[in-house]
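Written below as structure tokens is the structure these notes are about.
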Amino acid sequence: MSAPDGKGDTAETLSPIISEDIEKAAAALLKNCCSAELTLATAESCTGGLLASLLTDVEGASHAFERGFVVYSEDAKCELLGIRSERIEACGAVSREVAVAMAEGAIERSHADIALAVTGYAGAAPPGEEAGLVHFACGRRGGSTAHREEHFGDIGRGPVRIGAIRVALEMMRQALEQG
């Protein structure tokens, strides 16, 4: 795999809404994946494919992103990522256990070397749940899966999703560096 040619230092499509630091982090992550000949996958719920879109917007690094799963519903998490419905019922779709299962399912059902999963409440949360609670998991093929929990607060759907993208990129960078 070759590294991006310098044209792909920003994400063109999402540029109006994504800050420059996020664009640079995505471009750097993809460049490092190209250099290491590793690929990425995403399993997204509350971000609705925004992370995959960002990673595919960087010109010249398409071979570093293997695939994305947008698994917004519980059925999608089960059908596309192989998560047992009993696990979701027992833990809740927004939980450490389900985030880890999503990342591990994305690794198992793709050819990617690193998979990032995100599930949470970007907007209003159901009664008894916390608005802005997001669980992340990042796994590396043949390695362990890291978990992170963020409490963004009731700051609105867009800001939570952007904050989630920032955390996701950081976790993928860490997984790449731990190689």
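The values are calculated or read from the model by the stated rules, or taken from the named source; none is laboratory data. Given the structure is predicted, the values throughout are model-derived calculations rather than measurements. Because the Cβ atoms are built from the backbone with ideal geometry, glycine has one as well, and the counts that use them run over all protein chains shown.
Does residue 164 qualify as being assigned to a strand (DSSP E or B), within 29 Å of residue 31 (Cα to Cα) and in contact with a Cys (Cβ under 7 Å, 6 or more places away or on another chain)?
Against the criterion (assigned to a strand (DSSP E or B), within 29 Å of residue 31 (Cα to Cα) and in contact with a Cys (Cβ under 7 Å, 6 or more places away or on another chain)), residue 164 does not qualify.
Kindly establish whether residue 160 is more than 26 Å from residue 36 (Cα to Cα) and buried (at least 21 other Cβ atoms within 10 Å of the Cβ).
Values: more than 26 Å from residue 36 (Cα to Cα): yes; buried (at least 21 other Cβ atoms within 10 Å of the Cβ): yes.
When the stated conditions are applied, residue 160 passes them.
Looking only at residues in region 1-35 that are more than 13 Å from residue 54 (Cα to Cα) and either of a type in the set (Gly, Ala, Ser) or not in a loop (DSSP other than H, G, I, E, B) (or both), which one is modelled with the lowest pLDDT? Outline the logic, then answer.
Keep residues of region 1-35 that are more than 13 Å from residue 54 (Cα to Cα), which gives 1-7, 31-35.
Cutting the leftovers down to either of a type in the set (Gly, Ala, Ser) or not in a loop (DSSP other than H, G, I, E, B) (or both) gives us 2-3, 6, 31-35.
Values: 2: 39, 3: 44, 6: 49, 31: 94, 32: 95, 33: 96, 34: 94, 35: 94.
Within region 1-35, the match that is modelled with the lowest pLDDT is 2.
Across region 17-63, what is the number of residues that are buried (at least 20 other Cβ atoms within 10 Å of the Cβ), under 24 Å from residue 157 (Cα atoms) and either under 11 Å from the mean Cα position of the chain (by Cα) or among the basic types (Lys, Arg) (or both)?
Residues flagged as buried (at least 20 other Cβ atoms within 10 Å of the Cβ), under 24 Å from residue 157 (Cα atoms) and either under 11 Å from the mean Cα position of the chain (by Cα) or among the basic types (Lys, Arg) (or both) within region 17-63 amount to 12.
If you scan region 43-56, which residues turn out to be in contact with a helix residue (DSSP H, G or I) (Cβ under 8 Å, 6 or more places away or on another chain), farther than 14 Å from residue 173 by Cβ and either in a helix (DSSP H, G or I) or among the polar types (S, T, N, Q) (or both)?
Passing the criteria: 45, 47, 50, 56.
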